[in-house]
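Here, each number is a calculation from the coordinates, and none is a lab measurement. Here the structure is a predicted model, which is why all the values come from computation and not from measurement. Please note: Cβ atoms are built from the backbone with ideal geometry, for glycine as well, and neighbour counts cover all protein chains shown.
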């Protein structure tokens, strides 16, 4: 059996203030506990998970609320890769319609290079549901399924071979070579999630 831990930087002290602000009430502009302190706590949990023998550390992408303050899972996991020695790393999930799939493939390939052959990066992918997040990122939620499908095809090509040719409604890619090149076929490290 393999056991992992999820860290996602939820500012558990900020819900009452956040919800009052959502209702239009006048509230303090800053949470009782600064978001930065939440990050320090969660990063310490990643270190501890590594030290006590957990197999993996995972994180989740969300935007604009105290629920989950990991806006760039790959960047976050890259930092965690530098402060841990043994754990595999994974996302639960990267919301594909919110990302350029080529840049995400680059991020996955680069993180895999940092981890080396003894550790794994698992890139969980999903379509996303949050209207606030789609709106805040300026992405039409009605296009989410098509963007997801196209992004997944691009990611699979790039992570399998390091190359991509693709002609879609949202992405047109010709003769692209991924750098850094994946040191191994990473297409099997793409996991899907839905809800």
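Return the ratio Rg/(2.2 N^0.38 Å) for the range 24-112, where Rg is computed over Cα atoms only.
Computed over Cα atoms of the range 24-112, the ratio equals 1.23.
Provide the percentage of antiparallel DSSP beta bridges, counting only those with both residues in the chain; round to the nearest 5.
Around 20 percent antiparallel, to the nearest 5.
Just to confirm my numbers, what's the Cα centroid distance between the range 1-29 and the range 77-115 in Å?
24
Averaging sequence separations of C-alpha pairs under 8 Å and six or more residues apart, then dividing by the length of the range 4-192, give the relative contact order as a whole percent. Let's see the in-between values first.
Working: 311 pairs, mean separation 35.0, N = 189.
Reported relative contact order: 18 percent.
When 18, 79 are ordered from fewest to most other Cβ atoms inside 10 Å of their Cβ, what list results?
Placing the least packed residue first, the sequence is 79, 18.
Treating the chain as a set of equal point scatterers at the Cα positions, no solvent, please give the Debye-formula log₁₀ I(q)/I(0) at q = 0.13, 0.18 Å⁻¹.
Those come out to -0.74, -1.22, one per q.
How large is Rg/Rh for the range 111-161, to two decimals, with Cα atoms and a Kirkwood Rh?
1.10
Kirkwood-based Rg over Rh for the range 94-195 (C-alpha set), two decimals?
0.98
Sum -39500 (n - 2.57) across every DSSP H segment of at least 4 residues in the chain, then divide by the residue count to get the 222 nm mean residue ellipticity, nearest 500.
-12500 deg cm²/dmol
Which whole-number percent is the relative contact order of the range 72-164 (Cα, under 8 Å, 6+ apart)?
Worked out over the range 72-164, it gives 34 percent.
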